[in-house]
Amino acid sequence: MGKRVGVLMGGWGEEREISLKTGEAMVAALEARGHEVVRVFAGPGLDRTLRAASLDVAVLALHGRMGEDGKVQGLLELMGVPYTGSGLLASALAMNKPMAKKLFRLHNLPTPHGYSVGRSEVSRVLQLHGDLGFPCVVKPACGGSSVGLAVVRESGALGPAVERASHFGGEALVERLAHGREVTVGILGDEVLGSCEIATPREGFDFDAKYKGGSRYFLPARLSPTRLGNVEALALAAYRALGCRGYGRVDLICSDEDNDVVLEVNTLPGMTPTSLLPKIAAARGLDFPSLMERILALATRDEGDGVGEVSRPLEEVRRAAG
């Protein structure tokens, strides 16, 4: 396309190392497709770094706070640079899990019951917990990659878990533990790309299960065709409820009682060799360089300054995959 493409990676937070892995994978894939690609390492002074890079389009390989939460998206909007993934508002909403859950409920989308608690409220967390019960899940209210996630089974462990989770952003989210199959749905553009079921050696798809192995993956998820269609429709509805665009991944729990709940929407899902969205794409006949080409073509700004048209429509990919 003759565009100067910058891959933004690194960042300020606890997910920096995962971001660097995502970024390097993206660089290799885009270079394989013939693009001029520069690495842009995000950190203090990013505005000056971006001006010096003189980009036509930014590919975001950032994860978590100060990257996936709308801040960098806002900077790119001000600079007039199209970028991949969701816009400022959708990114901020998806990263703030308590706010995202409110919007899910507003759209009648099922999500686990829970509450948020600030670091200053840790001493009265049992009072806030009320009759939510155990086991429960504690995680940072704003974060990703399952950093700081814990499954709490008794009251004595609740306070320490909230204290740990609140170190990542100052607030924790406590949810009732939903039992069932862990399913993630990949979305490309405004269509479902496919789904994957994650079977972990322990309860909860935490950081170690994601990045250190031990999990098994089933593509598509081991659900009946009708049930799977309903789950994927629910995921797409959650993605749309937050106003997401470009691509993303929606995590759900599907119980044996046919109750499905939305956990969260990931607006910049991991793109490392072990990441789920590339697995889902590969199962549909879309290799990683082609997936990155499609994501790049969907780059835009909130004002609609798009980069390019899709080189291979999703329906064509689906027909090729049979």
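Please compute the per residue accessible area over the chain with all protein chains in place, 1.4 Å probe, rounded to a whole number of Å².
On a per-residue basis, the chain sits at 42 Å².
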Please build a GNM for the chain, connecting alpha carbons under 10 Å apart, and tell me which residue among Ser290, Ser224, Ser120 fluctuates the most.
Ser224
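What is the percent carbon and sulfur in the accessible area of the range 113-176, measuring with a 1.4 Å probe over the protein chains and ignoring ligands? Spell out each step's value before the answer.
On the way: 1420 of 2820 Å².
With neighbouring chains kept in place, the figure for the range 113-176 is 50 percent.
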How long is the range 113-176 along each principal axis, judged by its Cα atoms, biggest number first, in Å?
27, 21, 19
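Run the numbers for Met99 and Glu36: contour at 0.36 nm per residue of separation, minus the present Cα-Cα distance, in nm. Mind showing how you got there, number by number?
Details: separation 63, 0.36 × 63 = 22.68 nm, distance 3.83 nm.
Net length gain for the segment: 18.9 nm.
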Report the extension gain between Glu191 and Thr49 in nm, rounded to one decimal, defined as 0.36 nm multiplied by the number of residues separating them, less their alpha carbon distance.
47.7 nm
Among Glu303, Glu191, Glu31, determine the one that fluctuates most according to a GNM of the chain built with springs between C-alpha atoms less than 10 Å apart.
Glu303
Which semi-axis lengths, in whole Å and largest first, follow from the square roots of five times the eigenvalues of the Cα gyration tensor of the range 53-211?
30, 19, 15
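Can you check how the C-alpha radius of gyration of the chain compares to 2.2 N^0.38 Å, as a plain ratio? Numbers along the way, then the final one.
Values: Rg = 19.2 Å, N = 322, 2.2 N^0.38 = 19.7 Å.
In units of the globular-protein estimate, the chain measures up at 0.97.
What GluC sites (Glu not before Pro) does the range 228-293 have in DSSP loop regions with at most 13 other beta carbons within 10 Å? Mind showing how you got there, number by number?
Numbers: sites: Glu232, Glu257, Glu264, Glu293; in loops: Glu257.
The qualifying sites are Glu257.
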Thr274 and Tyr217 label points (each 7 Å along its Cα→Cβ direction) are spaced in nm at 1.1
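Averaging over all projection directions, find the projected area of the Cα convex hull of the range 181-267 and quote it in nm² with one decimal place.
On the way: hull surface 21.9 nm².
Computed as one quarter of the Cα hull surface, the answer is 5.5 nm².
Can you tell me the mean projection area, over all orientations, of the convex hull of the range 4-84's alpha carbons? Units nm², please.
Numbers: hull surface 18.0 nm².
The directionally averaged projection comes out at 4.5 nm².
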Cα-only Debye scattering, the range 74-152: base-10 log of I(q)/I(0) at q = 0.12, 0.18, 0.22, 0.28 Å⁻¹:
-0.48, -0.90, -1.16, -1.41
Can you tell me which of Gly229, Gly148, Gly248 moves the most in a GNM of the chain? Springs connect C-alpha atoms under 10 Å apart.
Gly229
Across the chain, how many lysine pairs separated by 8 or more positions, or lying on different chains, have Cα atoms within less than 15 Å?
5
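Please give the charge dipole size of the chain, origin at the Cα centre, charges +1 on K and R Cβ atoms and -1 on D and E Cβ atoms. Round to the nearest 20 debye.
260
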Just order 160-166, 6-12 by mean Cβ neighbour count inside 10 Å, highest at the front, would you?
6-12, 160-166
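The values are calculated or read from the model by the stated rules, or taken from the named source; none is laboratory data. Please read all numbers here as calculations on a predicted model, not as lab measurements. Quick reminder, even Gly has a Cβ in these numbers, built from the backbone with ideal geometry, and neighbours come from all protein chains shown. We work out accessible area using only protein heavy atoms, side chains counted, and drop any ligands, DNA or RNA first. Shrake-Rupley method; radii C 1.70, N 1.55, O 1.52, S 1.80 Å.
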